[in-house]
Amino acid sequence: MIELPELVAGGLAAGTLSALALGGSLLRSRRQKAVLRAEVAELRARLEGTEGAFIAEVEHLAARRMPAAAAQLAHPHLKVPGPAGQHIPGTPTGIALEYVLTALREELTAQRTRIDAAAQAGLRGATREIQAALYRLQDALRGLQQRYDDPELAQTLFALDHENEQSLRRAQVAAVVCGAWVGLAREESHVVDAVTGGQARLSGYHRVRVNNHLEPGTALVSHAVEPVAIIVAELLDNALRHSAPDTDVVVDLEHVHHGVCVTVDDAGLGMTQDERARAQRLVAGSDPILLTDLGDPPRMGLAAIGQLTRQFDLNVDVSSPSPYGGVRAVLRVDTHLLGRIDPDERPPSASAPRSTRERSVRREPVREAAAHAAPVAEGAVREAPETPVPGTGPAGSPAAAGPAAEHERTPAPGPEDPGDLGGLPQRRRRAPAADPGVPQPQPAARRPEEAAAALAALQYGTAAARAPRRASAPGPQRTDDEGGAAG
């Protein structure tokens, strides 16, 4: 039988062991809690650091990256900054931020397109009304020109008609940029008539020198006449605006392998590489054109060229400098837009420069005949070259009625003219003797309006020739970046 003292001693021993075990458990629990507290503190610090970095990245996105992405839509050469943190690209956070930028660009593009379409529709309607009013004014001026024979009044009416033509050209360009049709349907016309018709729409037409090296009869199909005239007018306008007023703008018409090229060279200011690249993008017509991309106020010349090149399958290049120090602009009209008109049945307008090929063909037989002809008597007078009578411009072209088409484009005798036979005298061809018994045809009497137009053109040309030219006038300063044929 166990005695009481032994039982008490065993219980105390068991309690001591239990207390020791419990104490050990408490110590382990405290150590684990301390470790957990340290881990929680570390995680909390990391979370706070991650949250701060994320907030900084979002602020960087809102302050710098999103504005740059929005500006890049209007100025593609701008670069969008990358994330602020070097470790962000490729992470889920970086991918999410790039998705935000992509969504922003898409939404801004859609909104810009919608707003620009509404603006173009409004401008298109306004230009339609302006064009109609200007056409009515043009008809009224033409009626007055035919009604009155006073030379001074006729000259004034021609000047007003030319000013009206320039306003009509600006309205037409704005309408084309907004997606409207060119507004006029022409019949098949000589290429040189389309070029001189575009030249006649400008205030500085007298500074343009056209060299026609095309085969006589080279023509444009009907739907390409007005687009070519508009493009030539805009290229010449840029060339005239950005070159000194005492310099000429040279236009060469040449046959090439794929069709015909109209080359415009000026001696102006030239363009920087960025300006030339932007101008080439505009005239190429490959990208959609928004009014908001054309400046304030909008500069629509090159944008109109881009619309027409895309619509009518034409090609314009402004990427080369001019040999005169300015800019060279080349319009290429491919073969499928060309035709032929019999120059004997429908000759070009009298104001158009004659083809150098036509002159060379006519000159060769004359040289051969002159070489075998007997010497003429001393004092014989060389036959003067033909001088075209001032008349209208391209067929159906209202611009040709302006002063440029009436008198300024009358070609002066030069080394290529039939009157220049390398220093050889030329015999005058005597008319056959008239048979007194046969009635001779009488020349048709000139109508009063024709006489008034010819006299007004002569007076206008005389006044323009007598006007003093500023030989030392300072060159213009470029105020836009359109380029085109701009020097």
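The values are calculated or read from the model by the stated rules, or taken from the named source; none is laboratory data. Just so we're clear, the structure is a prediction, and the values are computed from it rather than from any experiment. Ideal geometry is used to build each Cβ from the backbone, glycine not excepted, and the neighbour counts take in all protein chains shown. We work out accessible area using only protein heavy atoms, side chains counted, and drop any ligands, DNA or RNA first. Shrake-Rupley method; radii C 1.70, N 1.55, O 1.52, S 1.80 Å.
The table for this structure:
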quantity	calculated
Residues (open to solvent by less than 10 Å² (accessible area, probe 1.4 Å) and not polar (S, T, N, Q)) located in region 175-191	Ala175, Val176, Val177, Cys178, Val182, His190, Val191
Answer residue from region 333-345, given it is open to solvent by less than 80 Å² (accessible area, probe 1.4 Å) and charged (D, E, K, R) and is farthest from the chain's Cα centre (by Cα) among those	Asp342
Filtered residues of region 268-302 (kept if β-branched (Val, Ile, Thr) and closer than 17 Å to Arg112 by Cβ)	Ile289, Thr292
Asp161 in a helix (DSSP H, G or I) and surrounded by fewer than 17 Cβ atoms within 10 Å (Cβ to Cβ)	no
Members of region 184-241 found to be β-branched (Val, Ile, Thr) and within 19 Å of the chain's Cα centre (by Cα), listed by number	Val195, Thr196, Val208, Val225, Val228, Ile230, Ile231, Val232
Residue identified as part of a helix (DSSP H, G or I), without any contact (Cβ under 8 Å) to a residue 60 or more places away in the chain and closer than 30 Å to Leu291 by Cβ among Arg112, Arg105	Arg105
Condition met for Leu214 (open to solvent by less than 10 Å² (accessible area, probe 1.4 Å), closer than 14 Å to Pro353 by Cα and not in a loop (DSSP other than H, G, I, E, B))	no
Cβ-Cβ under 8 Å pairs, at least 6 apart or on other chains, region 143-158 side in contact (Cβ under 8 Å) with a residue 12 or more places away in the chain and closer than 22 Å to Ser203 by Cβ, far side outside any helix (DSSP H, G or I) and open to solvent by less than 80 Å² (accessible area, probe 1.4 Å)	Phe158/Gly402
Residues of region 73-130 classified as open to solvent by less than 50 Å² (accessible area, probe 1.4 Å), closer than 28 Å to Val182 by Cα and not aliphatic (A, V, I, L, M), total	5
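Residues are listed down the side, and each one gets a yes or a no for (1) out of contact with any helix residue (DSSP H, G or I) (no Cβ under 7 Å at 6 or more places or on another chain); (2) at pLDDT below 90; (3) over 30 Å from Phe54 (Cβ atoms):
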{"site": "His87", "(1), (2), (3)": "yes, yes, no"}
{"site": "Leu101", "(1), (2), (3)": "no, no, no"}
{"site": "Thr113", "(1), (2), (3)": "yes, yes, yes"}
{"site": "Asp116", "(1), (2), (3)": "no, yes, yes"}
{"site": "Ala119", "(1), (2), (3)": "no, yes, yes"}
{"site": "Leu137", "(1), (2), (3)": "no, no, yes"}
{"site": "Asp150", "(1), (2), (3)": "yes, yes, yes"}
